[in-house]
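Below is one structure, written out as structure tokens; comments come after it.
Read-outs throughout are calculated quantities, based only on the coordinates presented, and are distinct from any laboratory measurement. A quick note: this is a predicted structure, and the numbers were derived from the prediction, not measured. Every residue, glycine as well, gets a Cβ built from its backbone with ideal geometry; the counts of neighbours run over all protein chains shown.
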Amino acid sequence: MKKKIIGGVSAFLLCAGIPSFAYAQNNEANNAAEDSYVSTVNELVRLNPGSTFEEMNSGIQETALSAGISAQQIANEALQEARISVNFAEDELRLSSGKKTLLPGGKGDIFYSPSSTGHVGIYYTNSIIVEAPGVGKKSHSAHRWNVKVNNGTEIMHVKTSQANRNKAANRAFNSYRFRDYNMKGFAFNKTANGKMNCSQLVWAAYKTTSGIDLDADGGHGVYPRDIKKSKWTQTYKTVR
């Protein structure tokens with residue numbers, strides 16, 4: 001009888017231990033998933049200079065909620081796009097040397113300049129450009145003589161009507177100047193509202209006026225590389 005009681009107690013403890021073990025496993029899995037997410041977000045921040053963990057996480061969560069998929073999946077997709085875009089920009093920069101004065105372009109044309117992430121702006125006239133120059137600076141207009149770009153900068157024509165090019169240039173000049181810099185970086189910048197970075201400004205100018213989407217890969221963000229690689233853009237002049 002005593003054996004049966006002991007056996008029964010042992011069996012009860014064994015059964016009671018199963019949920020505890022499963023809980024421990026689930027807890028470990030949750031911790032691993034959280035660590036993976038944090039690591040992914042930190043890498044995205046590194047690849048988007050000026051962004052913060054809080055801003056990047058906010059962009060991921062908003063996108064995940066809108067798309068109805070997990071934040072981890074959104075973060076993974078954004079990281080893949082960021083790596084491709086930044087590696088491309090760094091390769092371009094290695095082939096560049098020295099600063100040059102920006103060449104003239106046509107109204108609505110775009111320039112792409114090699115840098116650590118790439119940089120783009122849009123021509124309002126043949127000599128006045130509109131750009132979001134970087135962290136801590138507001139978007140502005142400037143005369144090309146005052147714009148120094150890296151050697152190898154490309155002047156690109158957008159393959160649409162001049163009327164559409166005019167509308168995009170006017171939108172950039174009239175609506176997008178004096179915006180604060182978008183600290184979420186390029187990863188989640190496909191909006192015309194609020195703060196802006198360089199490729200966001202150019203993308204929004206065309207998207208909101210003629211529906212032309214200059215994002216080459218259709219990802220969550222539009223990087224300078226996406227503008228250069230777009231099916232809508234064509235280089236016709238290079239700064240040398």
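Report summary: the helix-based calculation at 222 nm, which adds -39500 (n - 2.57) for every DSSP H run with n ≥ 4 and divides by the residues of the chain, gives -17000 deg cm²/dmol.
The stretch 46-186 has equivalent-ellipsoid semi-axes of 29, 19, 14 Å, by the square roots of 5 times the alpha carbon gyration tensor eigenvalues, sorted largest first. In this structure, the pairs whose alpha-carbon distance is over 24 Å, taken from Lys137/Lys229; Lys184/Lys229; Lys167/Lys228; Lys207/Lys228, are Lys137/Lys229. Computed from label points 7 Å out along Cα-Cβ, the spacing between Ser127 and Ala33 is 6.0 nm. Between Trp145 and Thr101, the simple label model (points 7 Å from Cα in the Cβ direction) yields a spacing of 0.7 nm. Between Glu43 and Lys237, the distance separating the two model label sites (each 7 Å from Cα on the Cα→Cβ line) works out to 4.1 nm.
Near Asn57: Cβ cut-off under 13 Å, other residues only, Lys/Arg at +1 and Asp/Glu at -1. The net charge is -4. In the chain, Cα pairs under 8 Å separated by at least six residues give a relative contact order of 19 percent. For the chain, the percent of C-alpha pairs falling in each 5 Å distance bin, counted from 0 to the bin holding the largest distance, reads 1, 7, 13, 16, 16, 13, 8, 5, 4, 3, 3, 2, 2, 2, 2, 2, 1, 1, 0, 0. A quarter of the convex hull surface defined by the alpha-carbon atoms of the stretch 66-120 gives 5.8 nm² as the mean projection.
Would you please state which residues of the stretch 106-146 a label at Asn166 would reach in this model, taking the label point 7 Å out along Cα→Cβ and a backbone N cut-off of under 19 Å? Inside the label zone: 106-110, 122-130. A simple rule links phi to the HN-Hα coupling: the Karplus curve 6.51 cos²θ - 1.76 cosθ + 1.60 with θ = phi - 60°, which for the stretch 104-109 gives x, x, x, 4, x, 6 Hz, with x for Gly and Pro. When +1 charges are put on Lys and Arg Cβ atoms and -1 charges on Asp and Glu Cβ atoms, the dipole computed for the stretch 156-240 relative to its Cα centre reaches about 260 debye. Candidates Met196, Thr160, Pro104 compared by Cα position along the dipole of the stretch 92-240: farthest toward the positive end lies Pro104, with charges placed on Cβ.
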